[in-house]
């Protein structure tokens, strides 16, 4: 009997526990409700060329972003709305990626929308933010990539981004663990990186890459290189976000090897990518994004998404059979800021516009210098686009370059759209052709453009201006020679 009473008491205790904790019997329930917090931000991009807004929402440990990224490109207003984009915040660093459907106001029929991918990185501290962005589109006729800078201001809310960076920012005394990178491994080598931890104090400004090395290391010395470009870029990104001394303008140095990139690799802001020699370092596949640094002494072969997007210095590089199927992006280079391109060669590069190079929007204070370069057999797809070698607008200085057998619908070698300043000097055009106007050069609605000391040999156009077609005001052609050029030039004021 005593045992039976004990059993009844235990049974009643269990029932009481269930009633109290599960809400039985009326008002005794306890429910944990997870609340969310939000922050609203507005941003500008590329000195007013872009703008937009985003709202950050934090639920528990998860932060997402929703909003709209707008941009003006080649006269079209592009809107990129997105929702529930995953956001990563670490100290003062912020990054997020978003996808969706973009619209272009006023675009021709069939080109009004495109899927997009947006990647944003930077800093957000005390209600102010800045950093870099990269937008890619998938529809033919749209630009495949827009890269640039953004700055932002928090308009309402708090509690998600850092308001007092103090203890949240990683210091130079931190030791960071790195994991093996598995995407786009170098040819002939299964191990792409290093599994070892590293002390950021050992970083001296360089990360070395050598895929022929028999051992992998932290990359901080030539004797301890990383084995792939992918792993090196990932480590550079970690270091750049650490704010350690020297982390804001480092260099990735490649000794030799072939690196096939399945996705675009974005260098950190002001970081450079240097090769030991363009006869020993080769990059193929998706290419890279450059934010103000330098790329030198590398050969880019068969890059299929534009070899380099961005701005900076590009020297002593070779671009062979590089292409972009998406819009006026340049088969080899898509430039959107002050840049210097010197001593490079472009061979059989092709795109819808700007077979080798497209120069997008640049501000009135920016210039793009292209000097001592060779363009051979560069063209637009099936001759239907503009600028067989170069497509651009204002602010270009093209000097001492050779254009051989380049072709397009308009501007067999060079097409400039509504340029207000620029210069083409000491260049040679050989066997360049256009099925419309400007076998060598076509300038549309130009102002204050100088073409001087150039030679046009056997250039032709089915329309007008076998050598040069130019319309606008205050444009000057002087000291130029035309040999066997069909119709020489067309000049309209």
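Taken together, the values in this text are just the output of simple stated rules run on the coordinates, not laboratory data. Keep in mind the model is a prediction, meaning the values are calculated, not measured. Positions of Cβ are generated from backbone atoms using ideal geometry, with glycine treated the same way; all protein chains shown enter the neighbour counts.
Can you sort 35, 212 so the residue with the fewest Cβ neighbours within 10 Å comes first? Don't skip to the answer; put the middle values down first.
Working: 35 7, 212 13.
Lowest to highest Cβ neighbour count: 35, 212.
The calculated FRET efficiency for residue 97 paired with residue 158, based on their beta-carbon distance and R0 = 25 Å, is about 0.55. Placing pseudo-labels 7 Å out from each Cα toward the beta carbon at residue 79 and residue 462 gives an inter-label distance of 3.9 nm. Fewest neighbouring Cβ atoms within 10 Å first, the residues 456, 203, 255 line up as 255, 203, 456. Simple spin-label estimate for residue 343 and residue 40 gives 5.4 nm between the two label positions (7 Å along the Cα-to-Cβ direction from each Cα).
Protection proxy ranking, highest mean first, for peptides 224-235, 363-374: 224-235, 363-374, where packing is the per-residue count of other beta-carbon atoms within 10 Å, averaged.
Peptide packing for 274-284, 351-361 was compared via the average number of neighbouring C-beta atoms within 10 Å per residue; ordered from the highest value, the list is 351-361, 274-284.
Ordering of 335-343, 475-483, 147-155 by packing is 335-343, 147-155, 475-483, highest average first (other Cβ atoms within 10 Å, averaged per residue).
Between residue 221 and residue 55, what is 0.36 nm times their sequence separation minus the Cα-Cα distance? Round to one decimal in nm.
Numbers: separation 166, 0.36 × 166 = 59.76 nm, distance 4.28 nm.
Full extension of this stretch gives 55.5 nm more.
Going by how many other beta carbons lie within 10 Å of each one, how would you line up 445, 404, fewest first? All intermediate terms of the calculation are to be shown ahead of the outcome.
Details: 445 14, 404 18.
Ordered by Cβ neighbours within 10 Å, fewest first: 445, 404.
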